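Inspection log for the structure reproduced underneath, given as structure tokens.
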Amino acid sequence: MHRRHIVVLTGAGISAESGIPTFRGSGGLWFKYRIEDVATPEAFARDPAMVLDFYNQRRAQLESVQPNQAHKALARLEQGHKVSVVTQNVDDLHERAGSTSVLHLHGQLRRARSTVAPDWTMDIGYGPIRMGDTCPLGSQLRPDVVWFGEPVPAMDEARDVVASADVLLIVGTSLGVYPAAYLAHDAPAGAEIIVVDPEAREERVPGARIFREKAAGRVPLLVAELLENPA
Ligand code: NAD
């Protein structure tokens, strides 16, 4: 039934046109916040209330935005192909657009995690995590996101997914955050690699078809092309 395995690696850029700023692009979040102040374990140890507040704002903002044409087109792609989304994003816009296989490399805003038992997580919707909110073991809750300097537990699974791709479609990621960026090189020989990013850098994905365009315009066109060409 499914003709090809399309693996889609997405980054902050795919959600930019939904109104969620990227971290590094112009107008990106990091011009207002320093990474070390909000997205590291050291920051949380130093000032947990400030870090929680940063993510509470991100979560509240997420509730007010919608998937864009790029997220929706990727969900449509499942009508003709096996599709696996591997995302660096912590938003839930792929799921809300209807994608059914989404691996979150860097965690999810909508989930909270125990600070003593990392496997204990819970769905918190779009509400805040407050100081004093605890897991069943009594430890402070933290966002279930991977901070800079922390391991990426989903990486092995992601590498396996990419290794079975017939097509690797890379959308809206600078490929500057490791280890996630290694995935661009994990597609098997012979797989087609396509990149959609206005600031795509060819040396980071040698041999790829590159579209230096925004996701909401180009991704639906690529999806139409892939649906027309099953093999
Ligand atoms: P990044 O900020 O490093 O790169 C974003 C990329 O998106 C840039 O290359 C930029 O050129 C491109 N871009 C900007 N607008 C675009 C558009 N309309 N269409 C297509 N591409 C566009 O982000 P990253 O590579 O994802 O890595 C940074 C980390 O920040 C990741 O871990 C990610 O999880 C996290 N992050 C997540 C969100 C989110 O969940 N929505 C938002 C910001 C940052």
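Looking at 109, 141, just one residue is more than 16 Å from the ligand (Cβ to nearest atom) and farther than 20 Å from residue 193 by Cα, and that residue is 141.
Against the condition farther than 17 Å from residue 7 by Cβ, within 13 Å of the ligand (Cβ to nearest atom), among the charged types (D, E, K, R) and touching a Ser or Thr at 6+ places or on another chain (Cβ under 8 Å), how does residue 213 come out, does it pass? No; evaluated as a whole, the condition is false for this residue.
No other residue among 195, 171, 177 is touching a strand residue (DSSP E or B) at 6+ places or on another chain (Cβ under 7 Å) and near the ligand (Cβ under 9 Å from one of its atoms) apart from 171. When we screen 57, 61, 79, 66 for residues that are surrounded by fewer than 17 Cβ atoms within 10 Å (Cβ to Cβ), away from the ligand (no atom under 11 Å from the Cβ) and under 25 Å from residue 148 (Cα atoms), the only hit is 57.
Where in segment 121-188 are there strands (runs of 3 or more DSSP E), lying fully within it, with 1 or more residues that are at negative phi and not assigned by TED's automatic domain parsing to the domain that holds residue 210? So the answer is 121-123, 141-145.
The values are calculated or read from the model by the stated rules, or taken from the named source; none is laboratory data. Everything quoted here is computed from the prediction, not taken from an experiment. For neighbour counting, all protein chains shown are included, and Cβ atoms are generated from backbone atoms with ideal geometry for every residue, glycine included.
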